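The values are calculated or read from the model by the stated rules, or taken from the named source; none is laboratory data. Being a predicted model, the structure only gives us computed values, none of them experimental. Cβ coordinates were reconstructed from backbone atoms using ideal geometry, including for glycine residues, and neighbour counts include every protein chain displayed.
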2 protein chains.
Amino acid sequence: MTAFRLIEIKEDIRADNSRLAAAIREQLRGKKIMLINLMSSPGSGKTSLIMRTLEGLKGSINLGVIEADIDSAVDAEKIAAVGAPVVQLRTGGFCHLDAAMVNRGLDALPETGLDLIIIENIGNLVCPAEFDTGAHKNAMILSVPEGDDKPLKYPLMFTVCDLLLVNKIDYLSLGDFDMNSLRERVLNLNPRMTIFEISCKTGAGLEAWINWLKKEIAAFRKGR
Amino acid sequence: MTAFRLIEIKEDIRADNSRLAAAIREQLRGKKIMLINLMSSPGSGKTSLIMRTLEGLKGSINLGVIEADIDSAVDAEKIAAVGAPVVQLRTGGFCHLDAAMVNRGLDALPETGLDLIIIENIGNLVCPAEFDTGAHKNAMILSVPEGDDKPLKYPLMFTVCDLLLVNKIDYLSLGDFDMNSLRERVLNLNPRMTIFEISCKTGAGLEAWINWLKKEIAAFRKGR
């Protein structure tokens, strides 16, 4: 188990958020480190996806993680336990991450040798959508038990994301979740959304996600 | 299907929120109308619980509903379809309700003859916990697929609520949700929390919830 740093964030620094976000993106591009901002409702499987992604990328891509949580460090503990570089941001009540908070997380991560950093944002479909964190890609998880109507209710989140991972597809048989309706609603809001159907529990669909990620990182490193 | 009003809320009026919340509570107490503020993550089953509660109280308690949503009116449509009085607040991006927003909803509801009003807050475990809406009781839903670790991550929500409804217990067999761990974590944060285990889909546990609600309303009407 590797150690992780815990950073207290007491102030919300919104000023110049967009400028700082752009600077973060540019700086990481120079270092050939891709940054993905992962958002979802509470309990949709953000940490599970990160654990599965660490497993899938092992030996080829070095992944670091910035964990954000209002009050606990349980997710960072799980990630540190498998030996990945991880920083825990404790937001102390804030409902989102902004670029300044991410910047503090980046400063605390050992950047040398990293190819990819995933930010696990606060579990919330509303506020995190409004703040540019400096990530190169925004990704979101929607889990099947949450229902196929979420794009109708949280449209901004579906609009700002490049990637949607529909998690817990092993729950499909239990409810009335309609994947076609979901896809239609999502693509109606955001025609360029890339969608994966996965189960972090059974492993279904994860190979496609990992392969896609490897290709994206290779293209990113070539400056595309 | 009865009609419902749709109110646009453009401004966040936080000033004097606590004072206004206290005034709402007092005024409704005078009218013998109990107000419950229902909160949860997106997709935990707030609307389903309200539909089940309407069904369970039918013929004995008159229930009105204030629906809040960032952008849609799909929940209010469902409630209006069964003939219950309902107002839709469209928050236009706000991630929570405050007392001023609730007050506008109350003004638009036909109060005559109502015994109980339930506010369906924005789906969010963070921000809604920070704002007193004027409700006599705060209730929250946690659905089984979200996991038993949520009290560790969203402690304020579990602290400000009087009632916890653990929904989707029909999903218990699929995952590793530990009800005893959940109860221990919740009661550690909030020893006075009343907990119900329910499934809005199968109907399990709902009779206990409805009976409890009827007793609470009877006591409330007697000024207790």
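Of all the residues in the range B:158-183, those that are outside any helix (DSSP H, G or I) and over 19 Å from the mean Cα position of the chain (by Cα) number 4. Only residues in the range B:145-166 that are more than 9 Å from every other protein chain (Cβ to nearest Cβ) count as the first member; pair them with residues that are crowded, with 21+ Cβ neighbours inside 10 Å and polar (S, T, N, Q), Cβ under 7 angstrom, at least 6 apart or cross-chain, and list the lot. Listed pairs, sorted by first residue: B:160/B:138; B:161/B:138; B:162/B:138. Residues in the range A:66-105 that are closer than 19 Å to residue B:95 by Cβ and more than 17 Å from the chain's Cα centre (by Cα): A:71, A:92, A:93, A:94.
Looking only at residues that are more than 13 Å from residue B:121 (Cα to Cα) and of a type in the set (A, V, I, L, M) in the range B:59-72, which one is farthest from the other protein chains (Cβ to nearest Cβ)? Per the stated criteria, the residue is B:61. For the range B:195-219, the set of residues classified as β-branched (Val, Ile, Thr), under 16 Å from the mean Cα position of the chain (by Cα) and farther than 22 Å from residue B:29 by Cα consists of B:195, B:198, listed by residue number.
Restricting B:9, B:50, B:24, B:36 to those that are in contact with a helix residue (DSSP H, G or I) (Cβ under 9 Å, 6 or more places away or on another chain), modelled with pLDDT under 95 and of a type in the set (A, V, I, L, M, F, W, C) reduces the list to B:9.
Are there any pairs, at least 6 apart or on different chains, whose C-beta atoms fall under 7 Å, with the first in the range A:106-135 and within 11 Å of another protein chain (Cβ to nearest Cβ) and the second part of a strand (DSSP E or B) and hydroxyl-bearing (Ser, Thr, Tyr), and if so, which? Every condition considered, the pairs that remain are A:123/A:40.
Which residues, counting only those in the range B:190-207, are surrounded by 12 or more Cβ atoms within 10 Å (Cβ to Cβ) and within 17 Å of residue B:50 (Cβ to Cβ)?
Within the range B:190-207, the subset surrounded by 12 or more Cβ atoms within 10 Å (Cβ to Cβ) is B:190, B:193-201, B:203-206.
Of everything in the range B:190-207, those that are surrounded by 12 or more Cβ atoms within 10 Å (Cβ to Cβ) and within 17 Å of residue B:50 (Cβ to Cβ) turn out to be B:196, B:198, B:199, B:200, B:201, B:203, B:205, B:206.
When residue B:207 is tested against the conditions (1) outside any loop (DSSP other than H, G, I, E, B); (2) within 10 Å of chain A (Cβ to nearest Cβ); (3) among the charged types (D, E, K, R); (4) in contact (Cβ under 8 Å) with a residue 40 or more places away in the chain, the lone failure is (2). Does the range A:61-71 contain any residue that is modelled with pLDDT of 90 or more, buried (at least 22 other Cβ atoms within 10 Å of the Cβ) and closer than 28 Å to residue A:188 by Cα? Checking the range A:61-71: not a single residue is modelled with pLDDT of 90 or more, buried (at least 22 other Cβ atoms within 10 Å of the Cβ) and closer than 28 Å to residue A:188 by Cα. Within the range B:34-58, the set of residues being in a strand (DSSP E or B) and either acidic (Asp, Glu) or more than 14 Å from every other protein chain (Cβ to nearest Cβ) (or both) comprises B:34, B:35, B:36, B:37, B:38. If you check residue A:187 against the conditions, is it surrounded by fewer than 18 Cβ atoms within 10 Å (Cβ to Cβ), free of Cβ contacts under 8 Å to residues at least 24 places away in the same chain, assigned to a helix (DSSP H, G or I) and aliphatic (A, V, I, L, M)? Yes. In the range B:88-105, the residue that is nearest to residue A:131 (Cα to Cα) out of those that are among the hydrophobic types (A, V, I, L, M, F, W, C) and away from chain A (no Cβ under 14 Å) is B:101.
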